[in-house]
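**Q** Below is one structure. I have some questions about it.
The values are calculated or read from the model by the stated rules, or taken from the named source; none is laboratory data. All values reported here derive from a predicted model rather than from experimental measurement. Note that we place each Cβ from the backbone using ideal geometry, even for glycine, and neighbour counts take in every protein chain shown.
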Amino acid sequence: MPDLIRLADIDKSYTRGKERIAIFDRLNMHIPAGDFIAVMGPSGSGKTTLLNLLGGADRPDKGTIEFDGKRIDNLKENELARWRAANVGFIFQFYNLMPILTAAQNVELPLMLTNLPAAKRRDNVATALKVVGLEERAKHRPRELSGGQQQRVAIARAIVADPKLLLCDEPTGDLDRATADEILGTLQLLNRQLGKTIIMVTHDAAAAKFAKRTLHLDKGKFDERELAA
Amino acid sequence: MNELFLVRKNLFRKPVRTVLLLVSILIAFLIYAFMTSLVTSMSDFNTKPTRLITLSKINFTETLPIAHYDKISRMEGVAVATHMNWFGGYYQDPVKGFMPVFAVDPETYFEVYKEDLPLSEEVKAAFFKERTAMLAAEPVARRWGWKVGQKVPLNSNIFTQADGSRVWDFTLVGTIPTPPGSSQTGSVLIHYDYFNETIDIGRDRIGWIPFLSTSAEANDKVIAAIDQRFANSADETRTNDEATFNKSFAAQLGNLALVLALVVGAAFIAILLIVGTTMTLAIRERTKEFGVMKTLGFSSGSILRMVLGESLLLAFLGAALGVLLAVGLLAAAGSMPGAPPLHLATPVLWQSALMAAGLGLVTGVLPALAAYRLSIVDALSRK
Amino acid sequence: MTSLLNQIATITALNLRTIPQRGWMSIATVMAVALATLVLLFFLALSNGLSKTVEGSGADDIAIVLREGSNAELNSVVSKDQLNILATGPGLRRRDGAPVVSGELLVIVDGIKRSTGTAANMPFRGISADGISLRKGVTITEGRMFAPGTNEIVVGAGLLREFAGFEFGKSIRLRGSEWTVVGVFEAPGTVFESELWADIAVTQSLFDRPNIFQTMRFALNSAADLATFREWAKADARLKGLEVLSEREFYAKQASQSSGIFMIAAWGLGLTMAVGALAGAMNAMYSSVAARASEIATLRIIGFSGVAAFVGTLIEALILSALGGLVGLILAFVFFHGRTTSTLANSSFTQLVFKFDLSPSLVASAIVFALVIGFLGGLFPGVRAARQRPLLELAG
């Protein structure tokens, strides 16, 4: 498989108060299309920062990020927003649905950024909800749904615009085992049947088993052997 | 679903809060629209640049000899002049039934105030013909239930008839429509000749001499010529154009414009503070959502638009409700005993729109900029 | 009971400590209440100042006679004959055998309002020689009284402060004659200070109203003599159509007429603005309750009662609104208390000069007004706070 993403010589640090915290120092990584990677590691190891960089939600201090052969680290703010809308789906630990919108409206949100006609949008929303098995709940608001259901809506929202890359930050961190396994099963399905490339940050070794491979991150460095494998 | 849909949804996310904000905005616009219309309808009548008024230099309550009218009529630069007297009229009750009744010279009065007297030829003829004829502004006739053709007894609180009676009988021959700005708002017209023959004191004297000049450019010359002509006589005059006269008349009540500005200013400062701080809080509560939306690919510009859209929508909704309520209250107040008919002053409409836009922008700009500048990383790490 | 008070104190302290977190919103509430109070006080002080001045002009032992039912002095007509008959009435104070009386005529002349430069109606009153002694508290502070039978004028100090055209020593042309201002008089806190006085006979003749009076003033031996004088006048057919009032009654009637419109403005605008401020206060208090939901939930778990949460919220609202009322009061004292203004006093259609006046009772109304806003503003949010269930998850 060709590489979907290449990170080359990434430096990234944050200032917290007066302190300067280095996260990555010359990080290199490439991710083939169709991969499903679980990223594990202690708090502060740089997992979330990695997701932000991969998803264009944050920029490296140094180094380049290529997606599908094109650099994204030097895109302008608005270009980057458009790129995210087209290419990346985000799934968060606490779902982050809009409480004022129904499940279907939440799913439709990313389609506002496309030029799809209304009918096509409705089809796509229905399809995405079907994929996550929530067609029945389309009209419900987030607070009327269980945690697992909310996360399914979030997944539907992440895939509705048909992005190549899904980024998941502790997607099952707030769920019980059985529900978590269902969610992870859905992610696995998306990876296997729809060919989505998935990067999933998790603390949960059982969750990581659903991925094709697991990478361990510590103090901004991957385990070199895992990375090479 | 589009941005406007989201704006609407967001605005009513906490309905109690939004309704309370709408109430406070509504109040400010109500005060503004109501008070402005009130002041306008008391002072802002249709004026005509060529319409001038001559009155006693001592005060407008002092009268002038009728000879002044004849002299002014024949002066150069005067197209047509008329004269009117204050009758001190009331119907039944001296306080509740008080009304501005003017004794006029019918034919010339209709020439000088042509625009404000859009009456049919029949009504005009009826008024000109009969000495005891009377015309009443529509709202006055409606309020007292007078029908055309009916005899109406009017009292004077100043004059007495030769027989000691203070009641005059008039026949209502027609009503005068009073669109906003009409100089005839609330007035009742009777014949000078009839008035002059029946009063006990002050015969052959007149109150004011309104007249039309041949052109507005000639005004200054005409004014100077008239006032000079009567200078050093027992009845000196002061001549003004109509707008100046109206303005100084309204100024007698006090500095209405200043009071209006102070009250409206206070109301708007109050809502600016309330709406501004609440919007800031409302937007700050949604920081994380904005982060999520940006992550989904919404541009900072579109977030800015939506936040500003929300504060603008709020301001416009509140303004519209306030102006609507003002229209209702003006109608109600205008139909109360003794009140002149009141209308919404037309400039209030576009001024309110402008003020709503200003309010929406001012209260929304800081939260909108904060949302615009928000970085995804900061927003998502917020609890 | 003590425990409930302690609970309330604890919750109130908690609320007040968290005010800075909602600083701007609290300030907005305080200011909204302050501005509503200010608008209320503006018109109340106007109304109060006006009626105080008009009422302050009236004495009980002075009788005023005018045409019955003339709600304005301007419309009254009393003849010379009637004046002569009235002067024989009982209960009148006499000096050297003659009653102390003043037949008066009011005409309106133009002055120039200093603040706007526009013409304004000045009361020009012809009075007789006794006119000045028939008015309490009048003193000539500059120049002298007019000499009877001359074209001389004395001017009230209040009128001079607000209007131009009648300065001391100035010569004025009215109806073809020259008049000279020969004196300035003061009569603090009365309507007299807003008038111009001249000799009655000269006024009648030069303003072409021969032998016409509008009002008569008589000094009574005592206030008790008013009834006697009134009954006597009523019984005389030649005095039919005249009305006898004490000076106090006369001005009290005018005061209520003139100040009524300001009372309407005060409460109309004040209450309307109060609704706006109330909406703001409720909003702030709902936010306050929402911001402290987890603290309240925690306290409820510990065993605090809902009543304490309710009262605590109410107290916070009352403190904010009381502060607002106080700010409004201070602004009112700074900006307009004691300031001189003038308006058309509608009974005589002339300008009356008076001062904005904040009486203790107005101060009290303002405080009550502000507290009512606070009470209503805290009521429903307080109920919400009281209903906050002791949930562990919120407390976490």
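**Q** Just name the residue that is surrounded by the most Cβ atoms within 10 Å (Cβ to Cβ) out of those in segment C:105-142 that are more than 27 Å from the chain's Cα centre (by Cα) and not hydrophobic (A, V, I, L, M, F, W, C).
**A** Filtering segment C:105-142 for residues that are more than 27 Å from the chain's Cα centre (by Cα) and not hydrophobic (A, V, I, L, M, F, W, C), the one surrounded by the most Cβ atoms within 10 Å (Cβ to Cβ) comes out as C:Gly126.
**Q** Taking only pairs six or more apart or across chains, which ones have beta-carbon atoms under 6 Å, a first residue in segment B:204-223 that is at positive phi, and a second residue that is outside any strand (DSSP E or B) and surrounded by 14 or more Cβ atoms within 10 Å (Cβ to Cβ)?
**A** B:Asp204/B:Ile66
**Q** Is one or more of the residues making up segment A:130-150 assigned to a loop (DSSP other than H, G, I, E, B) and either hydroxyl-bearing (Ser, Thr, Tyr) or within 12 Å of chain B (Cβ to nearest Cβ) (or both)?
**A** Among the residues of segment A:130-150, at least one is assigned to a loop (DSSP other than H, G, I, E, B) and either hydroxyl-bearing (Ser, Thr, Tyr) or within 12 Å of chain B (Cβ to nearest Cβ) (or both), which makes the answer yes.
**Q** I'd like the full set of residues that are more than 7 Å from chain B (Cβ to nearest Cβ) and either among the acidic types (Asp, Glu) or in a loop (DSSP other than H, G, I, E, B) (or both), limited to segment A:97-117.
**A** A:Leu97, A:Pro99, A:Thr102, A:Thr114, A:Asn115, A:Leu116, A:Pro117
**Q** So which residues in segment B:57-82 are among the hydrophobic types (A, V, I, L, M, F, W, C), within 14 Å of another protein chain (Cβ to nearest Cβ) and part of a loop (DSSP other than H, G, I, E, B)?
**A** Result: B:Ile58, B:Phe60.
**Q** Further, regarding this structure: Checking the structure you have, find out if any residue of segment C:164-171 is under 18 Å from C:Ser194 (Cβ atoms), modelled with pLDDT of 90 or more, touching a Lys or Arg at 6+ places or on another chain (Cβ under 6 Å) and not hydroxyl-bearing (Ser, Thr, Tyr).
**A** Checking segment C:164-171: at least one residue is under 18 Å from C:Ser194 (Cβ atoms), modelled with pLDDT of 90 or more, touching a Lys or Arg at 6+ places or on another chain (Cβ under 6 Å) and not hydroxyl-bearing (Ser, Thr, Tyr).
**Q** So in segment B:282-298, with the set limited to residues that are touching a helix residue (DSSP H, G or I) at 6+ places or on another chain (Cβ under 7 Å) and surrounded by fewer than 20 Cβ atoms within 10 Å (Cβ to Cβ), which one is farthest from the other protein chains (Cβ to nearest Cβ)?
**A** Of everything passing the filter in segment B:282-298, B:Thr287 is farthest from the other protein chains (Cβ to nearest Cβ).
**Q** Could you say which residue among C:Ala266, C:Ala201 is more than 23 Å from the chain's Cα centre (by Cα), in contact (Cβ under 8 Å) with a residue 40 or more places away in the chain and not in a loop (DSSP other than H, G, I, E, B)?
**A** It is C:Ala201.
**Q** Residues that are of a type outside the set (A, V, I, L, M), at least 2 per element: which helices (runs of 4 or more DSSP H) completely within segment A:169-229 meet that?
**A** Once the helices (runs of 4 or more DSSP H) in segment A:169-229 are filtered for at least 2 residues that are of a type outside the set (A, V, I, L, M), what remains is A:177-193, A:224-228.
**Q** I need the full set of residues from segment C:83-99 which are of a type in the set (A, V, I, L, M) and surrounded by 12 or more Cβ atoms within 10 Å (Cβ to Cβ), in order please.
**A** C:Leu83, C:Ile85, C:Leu86, C:Ala87, C:Leu92
**Q** Can you confirm whether segment B:207-216 contains a residue that is surrounded by fewer than 20 Cβ atoms within 10 Å (Cβ to Cβ) and part of a helix (DSSP H, G or I)?
**A** Yes - at least one qualifying residue is present in segment B:207-216.
**Q** Given (1) of a type in the set (Lys, Arg); (2) out of contact with any Lys or Arg (no Cβ under 9 Å at 6 or more places or on another chain); (3) free of Cβ contacts under 8 Å to residues at least 40 places away in the same chain, where does A:Lys47 come up short, assuming only one miss?
**A** A:Lys47 satisfies all of (1) of a type in the set (Lys, Arg); (2) out of contact with any Lys or Arg (no Cβ under 9 Å at 6 or more places or on another chain); (3) free of Cβ contacts under 8 Å to residues at least 40 places away in the same chain except (3).
**Q** Please verify whether segment A:67-87 includes one or more residues that are in contact with a helix residue (DSSP H, G or I) (Cβ under 9 Å, 6 or more places away or on another chain), of a type in the set (Phe, Trp, Tyr), more than 8 Å from chain B (Cβ to nearest Cβ) and not in a loop (DSSP other than H, G, I, E, B).
**A** yes
**Q** Filter segment C:96-130 down to residues that are without any contact (Cβ under 8 Å) to a residue 12 or more places away in the chain and not in a strand (DSSP E or B), then give me how many there are.
**A** Of the residues in segment C:96-130, 5 are without any contact (Cβ under 8 Å) to a residue 12 or more places away in the chain and not in a strand (DSSP E or B).
**Q** Among C:Ala252, C:Ala277, C:Ala266, which is at pLDDT below 85 and either outside the structural domain of C:Leu134 (by TED's automatic domain parsing) or in contact with a His (Cβ under 7 Å, 6 or more places away or on another chain) (or both)?
**A** C:Ala252
**Q** Which condition does B:Glu236 not pass, out of (1) more than 14 Å from chain A (Cβ to nearest Cβ); (2) surrounded by 21 or more Cβ atoms within 10 Å (Cβ to Cβ), if it passes all the others?
**A** Only one criterion in (1) more than 14 Å from chain A (Cβ to nearest Cβ); (2) surrounded by 21 or more Cβ atoms within 10 Å (Cβ to Cβ) is unmet by B:Glu236, namely (2).
**Q** Still on this model: Which of the residues belonging to segment C:209-247 are touching a residue at least 60 places away in the same chain (Cβ under 8 Å), within 21 Å of C:Val107 (Cβ to Cβ), in a loop (DSSP other than H, G, I, E, B) and out of contact with any Asp or Glu (no Cβ under 7 Å at 6 or more places or on another chain)?
**A** Result: C:Arg209, C:Asn211.
**Q** Touching a Leu at 6+ places or on another chain (Cβ under 9 Å) and more than 14 Å from chain A (Cβ to nearest Cβ), is that true of B:Ile269?
**A** yes
**Q** In segment C:47-95, which residue that is in a helix (DSSP H, G or I) and charged (D, E, K, R) is farthest from C:Val363 (Cα to Cα)?
**A** The qualifying residue farthest from C:Val363 (Cα to Cα) is C:Asp81.
**Q** Also, quick follow-up: Please work out if B:Ala326 is hydrophobic (A, V, I, L, M, F, W, C), crowded, with 23+ Cβ neighbours inside 10 Å and under 24 Å from C:Leu38 (Cα atoms).
**A** Yes.
**Q** Would you mind telling me which numbered condition in (1) within 30 Å of C:Asn121 (Cβ to Cβ); (2) within 14 Å of chain B (Cβ to nearest Cβ); (3) assigned to a helix (DSSP H, G or I) C:Thr343 fails?
**A** (3)
**Q** If you scan segment B:39-57, which residues turn out to be surrounded by fewer than 17 Cβ atoms within 10 Å (Cβ to Cβ) and modelled with pLDDT of 85 or more?
**A** Within segment B:39-57, just B:Pro49 meets the criteria.
Every residue, every condition in (1) more than 10 Å from chain B (Cβ to nearest Cβ); (2) closer than 24 Å to C:Asp208 by Cα; (3) touching a Phe, Trp or Tyr at 6+ places or on another chain (Cβ under 8 Å); (4) at pLDDT below 90, yes or no:
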position: C:Ala63; (1), (2), (3), (4): yes, no, yes, no
position: C:Ala72; (1), (2), (3), (4): no, yes, yes, yes
position: C:Ser76; (1), (2), (3), (4): no, yes, no, yes
position: C:Ser79; (1), (2), (3), (4): yes, yes, yes, yes
position: C:Gly117; (1), (2), (3), (4): no, no, no, yes
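**Q** Run down B:Ala231, B:Ala225 and say which single residue is assigned to a loop (DSSP other than H, G, I, E, B) and more than 7 Å from every other protein chain (Cβ to nearest Cβ).
**A** B:Ala231
**Q** Quick one: count up the residues across segment B:3-56 that are within 21 Å of B:Leu273 (Cα to Cα), among the hydrophobic types (A, V, I, L, M, F, W, C), more than 9 Å from chain C (Cβ to nearest Cβ) and more than 14 Å from the chain's Cα centre (by Cα).
**A** 3
**Q** Next up: Being touching a Leu at 6+ places or on another chain (Cβ under 7 Å) and closer than 30 Å to C:Ala308 by Cβ narrows it down to one residue among C:Ala63, C:Ala28; which is it?
**A** C:Ala28
**Q** Name the residues in segment B:155-189 that are buried (at least 16 other Cβ atoms within 10 Å of the Cβ), part of a strand (DSSP E or B) and away from every other protein chain (no Cβ under 14 Å), would you?
**A** B:Trp168, B:Phe170, B:Thr171, B:Leu172, B:Val173, B:Gly174, B:Thr175, B:Ile176, B:Val188, B:Leu189
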